[in-house]
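The values are calculated or read from the model by the stated rules, or taken from the named source; none is laboratory data. Here the structure is a predicted model, which means the values were calculated and not measured. No Cβ is skipped: glycine too gets one built from the backbone with ideal geometry, and neighbour counts run over all protein chains shown. These area figures cover heavy atoms from the full protein model, side chains too; ligands, DNA and RNA do not enter into them. Shrake-Rupley method; radii C 1.70, N 1.55, O 1.52, S 1.80 Å.
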Amino acid sequence: MENLVPNPAAPKPAGNRAPVQTPNGRSLPYRLVNGVKEFHLTAEEIDHEFAPGCTAKCWGYNGSTPGPTIEAVEGDRVRILVSNHLREPTTIHWHGLLLPNGMDGVSGLNQAPIKPGETWAYEFTLRQAGTHMYHPHADELVQMAFGMMGLFIIHPKASADEPAIDRDYAMLLHNWALHPGTYRPDPAVMLDFDLWTFNSKIYPATAPLLARTGERVRLRIGNLSMWNHPIHLHGHRFWVTGSDGDRWPRSAWIPEVTHIIGVGQTRDFEFIADNPGDWALHCHMVHHTMNAMGHSVPNPVGAKLAEADAKIRSVLPGNMSMGSDGMSEMADMAGMMQGPPNTVPMMSGNGSFGSIEMGGMFTVLKVRDDLAADDTRDPGWYRHPPGTQAKLVSFDPQFALGFARDKPSDS
Ligand SMILES: [Cu+2]
């Protein structure tokens with residue numbers, strides 16, 4: 001799980017605050033120049049792997065999408081150098097930050113565009129704390145559809161996090177129109193996206209989130225996709241403690257198990273990881289936990305396909321229609337089915353009990369009693385204590401009659 005190890009060159013947070021971890025990503029190193037924290041972002045085309053078997057030409061910063069997470073502290077003076085290695089102009093907008101108008105990055109409104117080959121400097125003092133984002137404000141439709149975005153996290157000046165956070169995870173939500181068998185996202189798509197990602201990865205390539213039993217965990221989640229995402233955590237209740245408007249007063253915290261993160265919003269969730277196990281963390285839009293959505297596939301559920309199959313086989317030997325009892329069999333067959341090149345199965349990922357039948361915006365929170373505080377290695381699958389797991393039983397149909405009145409009586 002080297003993806004979970006914080007970059008050693010990343011800024012060290014003050015006090016006893018846990019460093020922000022960007023699963024599948026990293027924080028951006030800086031250098032101190034006369035008291036100013038200087039960062040450098042390079043906008044460029046990259047080969048991005050969504051999961052093994054699915055790679056595309058994307059655009060990002062410093063070799064990745066999302067770009068590296070910028071971490072700084074309230075009150076810092078920051079200078080961010082932006083080099084444009086694209087073949088078209090760009091800018092960066094610092095989404096949610098309180099800054100001078102000329103630093104806001106809207107092309108044509110606040111500045112001239114950064115032309116290919118140019119490097120521009122943005123410089124301002126951080127007047128707030130919280131979870132924020134950065135993205136282009138020039139040819140936004142294309143540049144964001146191709147993956148240009150990142151997180152900008154500002155720690156409070158006084159180590160004011162109360163209570164202390166033990167694990168601090170940061171994720172960006174995005175959607176991609178990478179049609180099956182293609183190698184470049186389609187920026188013209190408005191609704192029917194193919195891939196849904198945490199930090200530009202689809203399950204099972206999304207890194208698991210780890211916590212030791214009893215630790216306080218923060219999830220910082222930003223949404224620069226074109227859909228709202230109801231993010232759902234199993235086995236725990238979390239509080240929504242902050243947004244782009246920074247940390248909320250405690251009286252405004254909301255206890256939730258699912259919370260919608262709207263387009264252009266960030267939300268901070270906090271919870272006590274007090275329930276050991278492997279817990280799903282995912283978007284609750286069910287098509288957002290699928291990979292390689294085929295939007296033109298006919299609906300086979302409930303259809304009697306055997307007769308049609310026989311006719312089709314007379315011209316297409318070996319044809320076998322699938323999914324008339326649901327789509328699970330497609331997940332089971334995924335390893336054997338040959339989709340278009342560069343396309344991963346809609347549902348995938350195997351747990352200790354078989355196919356997890358998930359993709360896209362899905363990952364696993366692994367809570368363990370025996371995890372070291374700084375341990376970032378995947379502990380493997382959870383071993384359930386005796387008597388704590390659902391099991392197969394033999395069921396007497398006679399007994400079922402006792403439940404008969406559960407059925408609607410007039411149908
Ligand atoms: Cu979603």
Exercise. How far is it, in nm, from the label point at residue 106 to the one at residue 307 when both lie 7 Å from their Cα along the line to the Cβ?
Worked result: 6.2 nm
For this session: Write down the Kirkwood hydrodynamic radius of segment 62-146, to one decimal in angstroms, obtained as one divided by the mean of 1/r over all alpha carbon pairs.
Result: 13.4 Å
Seminar exercise, completed: If each K or R counts +1 and each D or E counts -1, the residues other than residue 95 whose Cβ falls under 11 Å of its Cβ total -2
For this session: Calculate the spin-label point distance for residue 123 paired with residue 258, positioning each point 7 Å from the Cα along the beta-carbon direction, and give it in nanometres.
Result: 4.9 nm
For this session: Add +1 for every Lys or Arg and -1 for every Asp or Glu among the other residues with Cβ under 14 Å from the Cβ of residue 111, and state the total.
Result: -2
For this session: State in Å² the accessible area per residue of segment 14-161; use a 1.4 Å probe, count heavy atoms of protein chains only, and round to the nearest integer.
Result: 37 Å²
For this session: From largest accessible area down, sort 201, 157; use a 1.4 Å probe on the protein chains.
Result: 157, 201
Problem set entry | Net dipole in debye of segment 81-193 [+1 Lys, Arg Cβ; -1 Asp, Glu Cβ; about Cα centre; nearest 20] | 180 debye
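What is the local net charge at residue 62, summed over the other residues whose Cβ is closer than 15 Å to its Cβ (Lys, Arg +1; Asp, Glu -1)?
Values: positive: 26, 31; negative: 38, 44, 45, 47, 71.
Around residue 62, the surrounding residues sum to -3.
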Exercise. Cα-Cα pairs above 19 Å in segment 14-161: how many percent?
Worked result: 52 percent
For this session: Could you tell me the accessible area of residue 288 in Å² (1.4 Å probe, neighbours in place), rounded to the nearest ten?
Result: 0 Å²
Problem set entry | Accessible area in the full protein assembly, largest first, 1.4 Å probe, for 290, 133 | 290, 133
Seminar exercise, completed: Flagged as over-length at 25 Å C-alpha distance, from 57/366; 57/201; 37/157; 57/115, the pairs are 57/366
Problem set entry | Cleavage-rule hits, chymotrypsin sites (Phe, Trp or Tyr not before Pro), segment 344-399, DSSP coil, Cβ neighbours within 10 Å at most 11 | 353, 395
